[in-house]
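Trainee: Following this message is one structure expressed as structure tokens.
The values are calculated or read from the model by the stated rules, or taken from the named source; none is laboratory data. Bear in mind the structure is a predicted one, so any value in this text is a computation, not a measurement. Cβ placement follows ideal geometry from the backbone for every residue including glycine, while neighbour counts extend to all protein chains displayed.
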Amino acid sequence: MSNALRDADIRYVLHPYTNLAAHEEKGPMIAVRGEGVKVFDTAGKEYIEGMAGLWCASLGFSEPRLREAALRQMDALPFFHQFGHKSHAPGIELAERLIGMAPDGLTKVFFANSGSEANDTVVKIVRYMNNILGRPQKKKIIARERAYHGVTVAAASLTGLPVNHRAFDLPIEGVVRTGCPHHYRYARPGESEDAFATRLADELEAQILAEGPETVAAFIAEPVQGAGGVIIPPATYFDKIQAVLKKYDILMVADEVICGFGRTGNAWGSQTYNIRPDILTCAKALSSAYLPISAVLVSDAVYQAVKKGSAEIGSFGHGYTYSAHPVAAAVALETLKIYEERDLFAHTRAVSPTFVTHLMRYADHPLVGNARGIGLVGALELVADKATKESFPPAAAVAARLVELAQEEGLILRSLAGDIVSFCPPLIITDAELDEMFTRFDRAMERLTAQLGI
Ligand code: PLP
């Protein structure tokens, strides 16, 4: 059965984010079953899912309450929508609950199906509101180097990674790129974290002045940059950035697609970093990934502009067939109830020291230039030379090899550009499971070190 599946996969599936020629040689790891923080493949081999899938399955892979919530909604009403003057209970209750837990000032929720769609919606809302407010020149959005905001045409344009632009004729017009707050890589010699944050904010202000503040509408940022390398900003970074944004009437958009729902130890990354968003996007852990759903939360000022536009034009001309899909919304609602009832964000804070301590054991390892973690997200950045921070040649694919070895040892991780290995386990993980996860990782690292002759 597994050989037939493997062959069919190679024959028929165009894999996302995959070197397709290499895949035809290598074939897939095919998962068939999940249990807690683990998944099992067709041969019955067990893996700890050290990435919670794609930074998303926070309740692990076998939560019965989510299955039951989906079944109940399937039985009651498998589909309805919120277009025009229609609605349904899961979509209403989920919006109410999200606003109840959201950072101050966010008052309305628009639903979509993915992080990309949510961020695409932000681009459209920003254009719409400024056209309606009679300032059509104020439309540029500032996004950062190494940002990840998704892959639809507008969201991929906000994303700051070459792989998402090259050969796609992206980015679209109107995206301004600013610096990434990765102190280890981009600070000047001897520059403190605070001085580095000050410099980034000064550079941002200079860019805004060069563009013309009247042309800049919004700044979008992940509290902790995820796919760009698990980049944890200096503690004072967002305060300094937001002071600049406020001065020039520029909206702060927090992309909480990874950080939302406890990942950094608080409900929102915005809380961890003192971000006061005008717009917030979330997805992934909103439903613990059991069904696709995302949300855009907006302030009253943004909502009022959109409302004015909808009256002038006759309708707010944006919405997906599956905006607030009732089954996905019911599962998301149940997910948020579970987070609260089990105090899962407090659990994250409680196990985080075990997680971060394991990562920090690697700070002195000869292959590791930088070890970092917060809450339950972290990374090891591999370097050829610790002193100079020189990277390995890309062809050496050192992080990818480490991830492959970890997979052989029964641990799923992810390698990111820049020889970074990322860790993002389900939030339900226990101290004992974290110890086991790093025992498997230790074995993989020993094997890599031996292969490289270090
Ligand atoms: N924003 C962030 C911060 C993400 O990490 C991701 C996906 O990894 C996205 C947006 C895009 O979400 P999706 O893949 O659901 O479109």
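Trainee: Does Phe392 count as in contact (Cβ under 8 Å) with a residue 24 or more places away in the chain and within 19 Å of Ala52 (Cβ to Cβ)?
Mentor: no
Trainee: Does region 225-245 include one or more residues that are outside any loop (DSSP other than H, G, I, E, B), more than 15 Å from the ligand (Cβ to nearest atom), of a type in the set (D, E, K, R) and farther than 15 Å from Tyr273 by Cα?
Mentor: No, region 225-245 contains no residue that is outside any loop (DSSP other than H, G, I, E, B), more than 15 Å from the ligand (Cβ to nearest atom), of a type in the set (D, E, K, R) and farther than 15 Å from Tyr273 by Cα.
Trainee: Return a yes/no flag: does region 132-149 have any residue that is in a helix (DSSP H, G or I), modelled with pLDDT of 95 or more and either within 16 Å of the ligand (Cβ to nearest atom) or over 22 Å from Ile313 (Cα atoms) (or both).
Mentor: no
Trainee: Then there's this: Would you check if Val175 is surrounded by fewer than 22 Cβ atoms within 10 Å (Cβ to Cβ) and within 12 Å of the ligand (Cβ to nearest atom)?
Mentor: no
Trainee: Counting just the residues of region 250-288 that are free of Cβ contacts under 8 Å to residues at least 60 places away in the same chain and surrounded by fewer than 24 Cβ atoms within 10 Å (Cβ to Cβ), which one comes out nearest to Ala218 (Cα to Cα)?
Mentor: Here the residue is Met252.
Trainee: Condition first: more than 18 Å from Gly378 (Cβ to Cβ), without any contact (Cβ under 8 Å) to a residue 12 or more places away in the chain and polar (S, T, N, Q). Now tell me which residues in region 435-454 satisfy that.
Mentor: Across region 435-454, there are no qualifying residues.
Trainee: Restricting to region 257-272, give me the number of residues that are within 14 Å of the ligand (Cβ to nearest atom) and assigned to a loop (DSSP other than H, G, I, E, B).
Mentor: Of the residues in that region, 8 qualify.
Trainee: Just to be sure, is Val176 aliphatic (A, V, I, L, M) and assigned to a strand (DSSP E or B)?
Mentor: Yes: the conditions hold for Val176.
Trainee: Report, by residue number, each residue of region 87-142 that is under 22 Å from the mean Cα position of the chain (by Cα) and polar (S, T, N, Q).
Mentor: Within region 87-142, Asn113, Ser114, Ser116, Asn119, Thr121 meet the criteria.
Trainee: Out of the residues in region 150-160 meeting the condition of being assigned to a helix (DSSP H, G or I) and touching a strand residue (DSSP E or B) at 6+ places or on another chain (Cβ under 6 Å), tell me which one is farthest from Ile232 (Cα to Cα).
Mentor: Among those residues, the one meeting the criterion is Ser157.
Trainee: Right, next: Is there a residue in region 197-219 that is within 16 Å of the ligand (Cβ to nearest atom) and at pLDDT 95 or above?
Mentor: yes
Trainee: Now for a different question. Restricting the first residue to region 98-122 and requiring it to be within 19 Å of Ala143 (Cα to Cα) and touching a residue at least 40 places away in the same chain (Cβ under 8 Å), which pairs with a second residue that is in a loop (DSSP other than H, G, I, E, B) and more than 9 Å from the ligand (Cβ to nearest atom) meet a Cβ separation below 8 Å and a spacing of at least six or different chains?
Mentor: What qualifies is Glu117/Tyr320; Thr121/His318.
Trainee: If I filter region 251-260 for residues that are under 15 Å from the mean Cα position of the chain (by Cα) and within 19 Å of Ile92 (Cα to Cα), do I get at least one hit?
Mentor: The answer is no, given that none of the residues of region 251-260 is under 15 Å from the mean Cα position of the chain (by Cα) and within 19 Å of Ile92 (Cα to Cα).
Trainee: For the list (1) touching a residue at least 40 places away in the same chain (Cβ under 8 Å); (2) touching a Cys at 6+ places or on another chain (Cβ under 9 Å); (3) surrounded by fewer than 24 Cβ atoms within 10 Å (Cβ to Cβ), I need the number of the one condition that Lys139 fails.
Mentor: Result: Lys139 passes all but (2).
Trainee: Right, something else. Taking region 104-124 as the search range and keeping residues that are more than 16 Å from the ligand (Cβ to nearest atom) and either of a type in the set (Gly, Ala, Ser) or more than 18 Å from Ala332 (Cβ to Cβ) (or both), which one is surrounded by the fewest Cβ atoms within 10 Å (Cβ to Cβ)?
Mentor: Among them, the one singled out is Asp104.
Trainee: Now a separate question. If you check Ser157 against the conditions, is it away from the ligand (no atom under 16 Å from the Cβ) and small (Gly, Ala, Ser)?
Mentor: The answer is no for Ser157.
Trainee: Continuing with the same structure: In region 50-66, what residues are over 14 Å from Lys337 (Cα atoms) and away from the ligand (no atom under 11 Å from the Cβ)?
Mentor: Once the filter is applied, which keeps residues that are over 14 Å from Lys337 (Cα atoms) and away from the ligand (no atom under 11 Å from the Cβ), region 50-66 yields Gly50, Ala52, Ala57, Gly60, Phe61, Ser62.
Trainee: Look at Val163 and say whether it is touching a strand residue (DSSP E or B) at 6+ places or on another chain (Cβ under 9 Å) and either more than 15 Å from the ligand (Cβ to nearest atom) or hydrophobic (A, V, I, L, M, F, W, C) (or both).
Mentor: no
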